[in-house]
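All remarks here apply to the structure that follows.
The values are calculated or read from the model by the stated rules, or taken from the named source; none is laboratory data. From a predicted model like this one, the values you see are computed outputs, not experimental measurements. Cβ placement follows ideal geometry from the backbone for every residue including glycine, while neighbour counts extend to all protein chains displayed.
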Amino acid sequence: MSRAKRIVPLIVVAAILAIVLLPRRPVGPDDPFVASGVVLRSYTDAGDLSWEVEAQSGEVVDEEAILTGVILRFLSSNEVAMTASADQFVQGEETSILSGNVRIEREDELRLRTEEMSWHEREEKLEAGPVELEARDLLVIGDRFEYDLETERATISGAVRADDPSNEETYRCDRIEADEDAVYLSGSVEAEFEDGGLTADRVRIDEDGLTAEGSVSLHFDPAATSEED
């Protein structure tokens, strides 16, 4: 049984406990199982906690689990690697959907906002449509988002724009990848600085600064340079 499939029986157990402990009311044949304060956990084959879900409420309708007010924590080596929150979580057999005010936070200050995200549990991947992301002082927007839970690497692609307001820098490219070490821009990279800019095939931004590679072209505004001097 996959880890995702364990959600339904766990919610059913929670629902049964709620029915037993809470005041009874007339129940129709088509009424769903409903529970409040739902907590779900999944473990690896080695017995380590893989992920944990907390929800304000949950129900099972036609064998489909629907949770509301959700916080989803992904763990690595029993430590929280990333946290996702959403208004609703719908469990699927292989793909689950987070929707409504979806937010992702990682300890290295990576932040993401979107309206809907797919979680492919077996492949250990997250996918979303248009997103806004914050990473290493960059504010990034793009058409498509992918996140590899195993490598902890985020990718944004399709008409990507990244702004660094503190340094008055703007980047445009086809693809941005971010991990705990750096941000990597690729595909027709264009950068605009206060005193000039550059084009390149690839750009890396980390705590040491910017590195450009492949067909690099630099241009500067002499007037801006003279003013600084």
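Scanning the stretch 115-132 for residues that are in a strand (DSSP E or B) and either of a type in the set (Asp, Glu) or buried (at least 20 other Cβ atoms within 10 Å of the Cβ) (or both) yields 115, 116, 117, 119, 126, 127, 128, 131, 132. Within the stretch 193-204, the set of residues being surrounded by 15 or more Cβ atoms within 10 Å (Cβ to Cβ) and assigned to a strand (DSSP E or B) comprises 193, 197, 198, 199, 200, 201, 202, 203, 204.
Candidates are the residues of the stretch 42-67 that are of a type in the set (Val, Ile, Thr) and surrounded by fewer than 17 Cβ atoms within 10 Å (Cβ to Cβ); the one that is farthest from residue 119 (Cα to Cα) is 61.
The residue pairs whose first member lies in the stretch 82-97 and is touching a residue at least 60 places away in the same chain (Cβ under 8 Å), whose second member is among the β-branched types (Val, Ile, Thr), and whose beta carbons are closer than 6 Å, counting only pairs six or more residues apart or on different chains, are 91/7. Scanning the stretch 180-188 for residues that are surrounded by 17 or more Cβ atoms within 10 Å (Cβ to Cβ), among the polar types (S, T, N, Q) and in contact with a Lys or Arg (Cβ under 8 Å, 6 or more places away or on another chain) turns up at least one hit.
Considered as a group, the residues in the stretch 90-103 that are of a type in the set (A, V, I, L, M, F, W, C) and at pLDDT 95 or above include one that is farthest from residue 49 (Cα to Cα), and that residue is 102. Evaluate the following for residue 157: is it polar (S, T, N, Q), out of contact with any Lys or Arg (no Cβ under 6 Å at 6 or more places or on another chain) and surrounded by 15 or more Cβ atoms within 10 Å (Cβ to Cβ)? So residue 157 fails the test.
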